[in-house]
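Colleague: Quick one: the structure is below, questions incoming.
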Amino acid sequence: IAGQDPGPCYMGVDQGKELHVVIGKRHHFKAGKIIHIGVYKDWDELDGLMRSFHVSRCVVDAMPETRNARAFAERHRGKVFMNYYTVYQKGDYAWNEKDLIVSCNRTESLDASHREIMEQSVVLPKECAMTKCFADHLHNVAKKLEEDEDTGSKRYIYVKLGPDHFRHAFNYETMARQSAMRSLFADCDLS
């Protein structure tokens, strides 16, 4: 898996005991191409990735280390956004440039990145130990119908079946890449 790229690239970071990172870019014939997958210990290591891969937009899990996520976003103001999944938001991702936050409906965003995998519209790296781990994490979430006992209303949610850090890092990379594509098309005058 590559160690640098002239970009523009998009990065997703899921945090837990370690930082799981997925970096991708647009592809000529597909929605995207994953060019780097890695696990890191320190937030400072992410600064090097931002430079080496010329990351133009990054989405990072805001929890549980909000202080570290915010400091990273501040160091890369305008490029790094902290994600908060919400249950009731509908529609597109909500980018807050001032507060460096992006919020989205968890199920809708996971559906969008899942669709890219299922439709094979994203190019994945060659098989190795890290891509095997990535694939395992992608399989460690499942969609489940949930019913509110009080109201009877139903909705789908994703449940964790095992380690899923790369699944969320990929979701964040997809959010960053898709937002760049939307703004690219928004800048085009098609009239």
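Colleague: Leaving out same-chain residues fewer than 8 places away, which lysines sit with a Cα under 26 Å from that of K98?
Modeller: Reachable lysines: K25, K79, K90.
Colleague: Still on this structure: Could you look at segment 1-131 and say what percent of its accessible area is carbon and sulfur, using a 1.4 Å probe and all protein chains?
Modeller: 53 percent
Colleague: Hey, another quick one. Give the long-range amide H neighbours of I35: residues separated by 5 or more places, or on another chain, with amide H under 5 Å away, using H modelled in the peptide plane at 1.01 Å from N.
Modeller: Under 5 Å from the amide H of I35: I23, G24, K25.
Colleague: Could I ask something else about it? Rolling a 1.4 Å sphere over the protein heavy atoms, what is the accessible area per residue of segment 69-116, to the nearest Å²?
Modeller: About 50 Å² of surface per residue is accessible.
Colleague: According to the Kirkwood expression over distinct Cα-Cα pairs, how big is the hydrodynamic radius of segment 38-156, in Å?
Modeller: After inverting the pairwise mean of 1/r, the radius is 16.7 Å.
Colleague: In addition: I need the P(r) histogram for segment 43-99: all alpha carbon pairs, bin width 10 Å from 0 out to the longest distance, whole percents.
Modeller: Here the calculated profile for segment 43-99 is 21, 53, 22, 4.
The values are calculated or read from the model by the stated rules, or taken from the named source; none is laboratory data. Remember, it's a predicted structure, so these values are computed and weren't measured experimentally. Heads up: the accessible areas ignore ligands, DNA and RNA and are worked out on the full protein's heavy atoms, side chains in. Shrake-Rupley method; radii C 1.70, N 1.55, O 1.52, S 1.80 Å.
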